[in-house]
Amino acid sequence: MDNCIFCKIAKGEIPSVKVFEDDRVFVFEDINPILPGHTLLIPKAHAENIWEISGDDLAAIHRASKRVAEAIRSVLDPVGVAVFQLNGRGVNQVVMHYHLHLVPRMADAPALTMTDWELKPGNLDEIRRIGEKIAVALA
């Protein structure tokens, strides 16, 4: 899709902190992280939501999420990781391209909310540092 920000990120038209890529999936750090290490997984083929994504792309996203979650654990040693995905504006899906969130939580971090959080720009140096470590763990 021509005007989709995530399609542009997957094509390399917009810079991102890429941590993993294969033929179906592109994985990168969220620039408005809920918590450090907040990572997004998207299909390269545009699909707006769970109802539009192909079964093959959905399976590829979730296979990749297992690998990425393991890498996040090895890098950050969180007490847990929230894995969530929003479908439609009614649950605050902001970018209308299917994406899966992996949000690691440290013991002293605030509680996580799933559908309503304030977007605050993150520290790009920290985002890049964590993203690079996760990418190395995936290599």
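Which residues, counting only those in the stretch 70-99, are among the hydrophobic types (A, V, I, L, M, F, W, C) and either under 24 Å from Glu52 (Cβ atoms) or in a loop (DSSP other than H, G, I, E, B) (or both)? Steps first, please.
Step one: filter the stretch 70-99 for residues among the hydrophobic types (A, V, I, L, M, F, W, C), giving 71-72, 75-76, 79, 81-84, 86, 91, 94-96.
Correct list: Val79, Ala82, Val83, Phe84, Leu86, Val91, Val94, Val95, Met96.
Within the stretch 111-126, take every residue that is without any contact (Cβ under 8 Å) to a residue 24 or more places away in the chain and in a loop (DSSP other than H, G, I, E, B) and give me the one that is farthest from the chain's Cα centre (by Cα). Give the derivation first.
So the first thing to find is which residues in the stretch 111-126 are without any contact (Cβ under 8 Å) to a residue 24 or more places away in the chain, and the list is 111, 113, 118, 123, 125.
Narrowing further to those that are in a loop (DSSP other than H, G, I, E, B): 111, 113, 118, 123.
Details: Ala111: 19, Thr113: 16, Glu118: 17, Asn123: 16 Å.
If we take residues in the stretch 111-126 being without any contact (Cβ under 8 Å) to a residue 24 or more places away in the chain and in a loop (DSSP other than H, G, I, E, B), then Ala111 is farthest from the chain's Cα centre (by Cα).
Condition (residue is of a type in the set (Ser, Thr, Tyr), without any contact (Cβ under 8 Å) to a residue 24 or more places away in the chain and at negative phi) applied to the stretch 63-81: is it met by at least one residue? Lay out the reasoning, then the answer.
Filtering the stretch 63-81 down to residues of a type in the set (Ser, Thr, Tyr) leaves 65, 74.
Cutting the leftovers down to without any contact (Cβ under 8 Å) to a residue 24 or more places away in the chain gives us none.
Within the stretch 63-81 (the criterion being of a type in the set (Ser, Thr, Tyr), without any contact (Cβ under 8 Å) to a residue 24 or more places away in the chain and at negative phi), the answer is no, since none of the residues qualifies.
Test Val91 against the stated conditions and say whether it is over 21 Å from Glu132 (Cβ atoms), of a type in the set (A, V, I, L, M) and modelled with pLDDT of 95 or more.
Numbers: over 21 Å from Glu132 (Cβ atoms): yes; of a type in the set (A, V, I, L, M): yes; modelled with pLDDT of 95 or more: no.
Taking the combined requirement at face value, the residue does not satisfy it.
Modelled with pLDDT of 95 or more, closer than 13 Å to Thr39 by Cβ and touching a His at 6+ places or on another chain (Cβ under 8 Å): is that true of Leu100 in this structure?
Details: modelled with pLDDT of 95 or more: yes; closer than 13 Å to Thr39 by Cβ: yes; touching a His at 6+ places or on another chain (Cβ under 8 Å): yes.
Answer is yes for this residue.
Tell me, which residue of the stretch 24-62 that is free of Cβ contacts under 8 Å to residues at least 24 places away in the same chain and assigned to a loop (DSSP other than H, G, I, E, B) is surrounded by the fewest Cβ atoms within 10 Å (Cβ to Cβ)?
Filtering the stretch 24-62 for residues that are free of Cβ contacts under 8 Å to residues at least 24 places away in the same chain and assigned to a loop (DSSP other than H, G, I, E, B), the one surrounded by the fewest Cβ atoms within 10 Å (Cβ to Cβ) comes out as Ser54.
Got a number for residues in the stretch 106-127 being polar (S, T, N, Q) and modelled with pLDDT under 80?
Of the stretch 106-127, the ones polar (S, T, N, Q) are 113, 115, 123.
Now narrow it down to the ones that are modelled with pLDDT under 80: 113, 115.
Result for the stretch 106-127: 2.
The values are calculated or read from the model by the stated rules, or taken from the named source; none is laboratory data. What you are looking at is a predicted structure, and each value in this text was computed from that prediction instead of being measured. Counting neighbours? That spans all protein chains shown, and the Cβs are built from the backbone with ideal geometry, glycine included.
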